[in-house]
Amino acid sequence: MTEYDVIVIGAGPVGENVADRTAQGGLSTVVVESELVGGECSYWACVPSKALLRPGAALRAAADVDGAKQAVTGELDVAGILRRRDYMVSDWNDEGQVKWLEETHIDLVRGHGRLTGPKRVAVTGTDGEITELTARHAVVVSTGSAGLVPDTPGLAGIRPWTSRDATSVKDVPESLAIIGGGVVACEMASAFTDLGSRVTMIVRSRLLANQEPFAAQLVHDALAERGVTILEGASVAEASRTPEGTASLVLADGREVAAAEVLVATGRVPRTTDIGLESVGLKPGSWLDVDDTLRVTGTDWLYATGDVNHRALMTHQGKYQGRAAGDVIAARAADRRVDDAPWGAHVATADHSAVPQVVFSDPAVASVGLTAAAAERAGIAVRVRDYDMSAVSGAYEAADHYRGQARLVIDDARNVVVGATFAGPDVAELLHAATIAIVGEVPIARLWHAVPAYPTVSEVWLRLLEADGRPTAPGR
Ligand SMILES: Cc1cc2nc3c(=O)[nH]c(=O)nc-3n(C[C@H](O)[C@H](O)[C@H](O)COP(=O)(O)OP(=O)(O)OC[C@H]3O[C@@H](n4cnc5c(N)ncnc54)[C@H](O)[C@@H]3O)c2cc1C
Ligand SMILES: NC(=O)c1ccc[n+]([C@@H]2O[C@H](COP(=O)([O-])OP(=O)(O)OC[C@H]3O[C@@H](n4cnc5c(N)ncnc54)[C@H](O)[C@@H]3O)[C@@H](O)[C@H]2O)c1
């Protein structure tokens, strides 16, 4: 039995951040990892998906600038795209991240971790050998999530792809049917069209249902123009494969979609089915409910960070939780004051109101905070300001046919931004200003003093403020 101050199960980006903070807080820390240090994000999710998407976006950007477009005479090189993806994921080798653990004085135990009781974890190595660990202060579950495969008749039997198969693709299929219309579906539809697959999307409601409708429409139109068939309001009733191996999806309305491969992009399930939750009175397979210090409800030693707590399934937000959790564990261990008031050092307050996300389809959608519909559902009286980004000088300079749209959602009572969405080419880098405005609760009147440089696409901020109306001096 080996004792540490803190045991972290799962060395994805989030577990790594927790461990970094507890180690920096002076606590002996071990991470347990069953696959690759760096997790889903580094090898099968964020990193390879963005690597697959970038070449097409770069090519289209160059092809939309007269003078540059004449230099773009070739086609995307599929072998080059896959080679660059392989480089980005270090050929699925985690040596570099293991080295970082060593340098940070964090121990690593490889194998499958399971809770066996309060503050106790057993790790089963690939050779079947079991390592018993105990924690003096805390155990943190950062085991992430996996692709959900709906129980549609026949679907599991046709061995559909999950996001892992898509992002690690070696042989690009001639055709790909994608079930789902969320983030993974839109990004992979964009990427596989670039790679040369004929893509059909089967979407229950509409694309990007959680995003502003105008943003989803821009993505829809661009994907359709690039040849993607988008079947909205459609669902799969039954799946099978022909003897030749072609997948056949029969839709609820009787239509049939045939494709070489099927990607299921219908959301995630927590990786908690086999981590010993029953040994501490929790339900296997459940998302783990936590308070704002990331402590699992009803315990004083168990924490859950990242995807597994279902607060915001994104790397940056999970890492933010990881920093708060690591620091609060160190503070509690040393009996120091816990700063758990909203926006304090030990809480993940932004999870509730300021979660940024970029959908890296082409065009991209960058959003933070509330959409207009979400504000209405939350009972917040808001006003909405929209602006056509192609009319901004920076966009006019950037591309010959820039298409983009922006929206601010402004809280009427408090006169602060509570939501922002930008849709268009390269909008990802516009987002952080909006995140700062929301987290900082910067009054609209003060935002007029944050002057965007000319001619940048950021001037859309000025146009959105103008759409809202210039404030007049008080008392007039
Ligand atoms: C295709 C795709 C693209 C994405 N792109 C983005 C993006 O661009 N930006 C973004 O912010 N987010 C993106 N995400 C989401 C992002 O990948 C996740 O939010 C992030 O990986 C969560 O990090 P995590 O550390 O909580 O979990 P993970 O990254 O899943 O890591 C969990 C780790 O725990 C290990 N583990 C699990 N169970 C055990 C066990 N019992 N014992 C030992 N180890 C265990 C796993 O092997 C894994 O290494 C994407 C997701 C997908 C599917
Ligand atoms: N760029 C990024 O930040 C990024 C990229 C990819 C994934 N992610 C994260 O990964 C998570 C998973 O992404 P995702 O796209 O799988 O999930 P999602 O929740 O974004 O979309 C799921 C889609 O599947 C549909 N769906 C759900 N159940 C279905 C069923 N039974 N049959 C048919 N359709 C069904 C939904 O209507 C929706 O269109 C997201 O929470 C996202 O935040 C982030």
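The values are calculated or read from the model by the stated rules, or taken from the named source; none is laboratory data. Predicted, not measured: the structure shown is a model, and the values here were computed from it. Cβ: placed from backbone, ideal geometry, glycine included. Neighbour counts: every protein chain shown.
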Item to complete: Please work out which residue is nearest to R85 (Cα to Cα), limiting yourself to the stretch 57-74 and to residues that are over 33 Å from the mean Cα position of the chain (by Cα) and in a helix (DSSP H, G or I).
Response: A71
Worksheet item: For A413, all conditions in the list (1) closer than 26 Å to G379 by Cβ; (2) hydrophobic (A, V, I, L, M, F, W, C); (3) touching a Ser or Thr at 6+ places or on another chain (Cβ under 8 Å) hold save one; what is the number of the exception?
Response: (3)
Worksheet item: In the stretch 309-331, how many residues are under 13 Å from the mean Cα position of the chain (by Cα) and touching a residue at least 40 places away in the same chain (Cβ under 8 Å)?
Response: 9
Item to complete: Could you please find all residues in the stretch 352-404 being among the polar types (S, T, N, Q), crowded, with 22+ Cβ neighbours inside 10 Å and over 26 Å from the mean Cα position of the chain (by Cα)?
Response: none
Response to the item:
Residue pairs within 9 Å by beta carbon, gap of at least six or interchain, first lying in the stretch 32-56 and near ligand 1 (Cβ under 8 Å from one of its atoms) and part of a loop (DSSP other than H, G, I, E, B), second among the polar types (S, T, N, Q) and at pLDDT below 95, listed first then second, are S34/T126
Worksheet item: Can you name the residue in the stretch 75-88 that is in contact with a Leu (Cβ under 9 Å, 6 or more places away or on another chain) and assigned to a loop (DSSP other than H, G, I, E, B) and is also modelled with the lowest pLDDT among such residues?
Response: E75
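For residues in the stretch 281-295 being in contact (Cβ under 8 Å) with a residue 40 or more places away in the chain and in contact with a Ser or Thr (Cβ under 7 Å, 6 or more places away or on another chain), which is nearest to ligand 2 (Cβ to nearest atom)?
Looking only at the stretch 281-295, we keep the residues that are in contact (Cβ under 8 Å) with a residue 40 or more places away in the chain, and these are 288, 292-294.
Cutting the leftovers down to in contact with a Ser or Thr (Cβ under 7 Å, 6 or more places away or on another chain) gives us 288, 292, 294.
On the way: L288: 16, D292: 20, L294: 18 Å.
Within the stretch 281-295, the match that is nearest to ligand 2 (Cβ to nearest atom) is L288.
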Item to complete: Find all pairs meeting these conditions: Cβ atoms under 9 angstrom apart; at least six residues apart or on different chains; first residue within the stretch 143-165 and under 15 Å from W44 (Cα atoms) and within 11 Å of ligand 1 (Cβ to nearest atom); second residue among the charged types (D, E, K, R) and assigned to a loop (DSSP other than H, G, I, E, B).
Response: T143/R271; G144/R271; S145/R271; A146/R271
Discussion item. List the strands (runs of 3 or more DSSP E) inside the stretch 184-267, counting only whole elements, that have at least 3 residues being within 16 Å of ligand 2 (Cβ to nearest atom) and more than 19 Å from the chain's Cα centre (by Cα).
Written reply: 198-203, 229-232, 236-241, 247-251
Practice prompt. State which residue is farthest from the chain's Cα centre (by Cα) when the search covers only the stretch 270-288 and only residues that are part of a loop (DSSP other than H, G, I, E, B) and crowded, with 21+ Cβ neighbours inside 10 Å.
Written response: L282
Worksheet item: L27 versus (1) more than 16 Å from ligand 1 (Cβ to nearest atom); (2) in contact with a Pro (Cβ under 8 Å, 6 or more places away or on another chain): which is the lone unmet condition?
Response: (2)
Practice prompt. Could you grab me the full set of residues in the stretch 141-183 that are of a type outside the set (G, A, S), farther than 26 Å from E35 by Cβ and within 13 Å of ligand 2 (Cβ to nearest atom)?
Written response: T152, P153
